[in-house]
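Novice: The structure that follows is given in the form of structure tokens.
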């Protein structure tokens, strides 16, 4: 039952906020499904890819995906994700989870900030957008998060996109780089004599998709800032818990 609830919470977060769900995936797989650390990170990439692909379709149908930004931000992100997944073979699970804990704390701060659309600027140079895409990609490959909480602000502040278009574009980018990272990570797991549990992956993906549908339907009925504060508080607790367990 807890596994089902964890998967549902991941999808709800994506449906309600457009980002944030993937950062809960690794902790859910670790503490609810009791997976090995590296298996949980690899599985997270596969789950995030599936849910993000499904969630991106309505945005694509409405023309709310900026394909130029997918190329400028997404292609370097794919390269970074592949590199991060390759690097994971040489980085201890202890270090990966400590990094994830720090990422969760950073994400909580970003969620508590004033909505980013109020600070939109003109588009930045392509090299700057590509560099950030590369950095977020490496993070995705190493700790198994989609990075929507970083990609959406980057697309607004660096790419000059309106918020809804940034969210749709972010979901496509997350789908592409998570798929590449997952494929590479499966190879890495094989080298470490580990393997993905496809039943758990399918369960989380299916329930997460259902949760994202439910979240998108009720998102207009719930104050977004209140939701962000709740998710930020959960991120602080989860991130601090991961860091404490890694350092004790």
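Novice: Would you mind stating whether residue 179 is more than 20 Å from residue 88 (Cβ to Cβ) and assigned to a helix (DSSP H, G or I)?
Specialist: Criteria not met by residue 179.
Novice: Pairs only if they're at least six apart or on different chains, beta carbon under 7 angstrom, first in the stretch 193-209 and over 21 Å from residue 55 (Cα atoms), second part of a loop (DSSP other than H, G, I, E, B); list them, first residue then second.
Specialist: 194/36; 197/35
Quick grid of which residues meet (1) surrounded by fewer than 22 Cβ atoms within 10 Å (Cβ to Cβ); (2) assigned to a helix (DSSP H, G or I); (3) at pLDDT below 85:
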site: 161; (1), (2), (3): no, no, yes
site: 165; (1), (2), (3): yes, yes, yes
site: 186; (1), (2), (3): yes, yes, no
site: 194; (1), (2), (3): yes, no, no
site: 227; (1), (2), (3): yes, yes, yes
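Novice: Just to check your reading of the model, which residue among 73, 54 is within 19 Å of residue 133 (Cβ to Cβ) and in a helix (DSSP H, G or I)?
Specialist: 73
Novice: Out of all the residues in the stretch 55-76, which are closer than 29 Å to residue 206 by Cβ, over 19 Å from the mean Cα position of the chain (by Cα) and surrounded by fewer than 14 Cβ atoms within 10 Å (Cβ to Cβ)?
Specialist: 61, 62, 63, 67
The values are calculated or read from the model by the stated rules, or taken from the named source; none is laboratory data. Because the structure is predicted, anything quoted here is derived from the model rather than measured. All Cβ positions, even for glycine, are placed from backbone atoms using ideal geometry, and neighbour counts span all protein chains on display.
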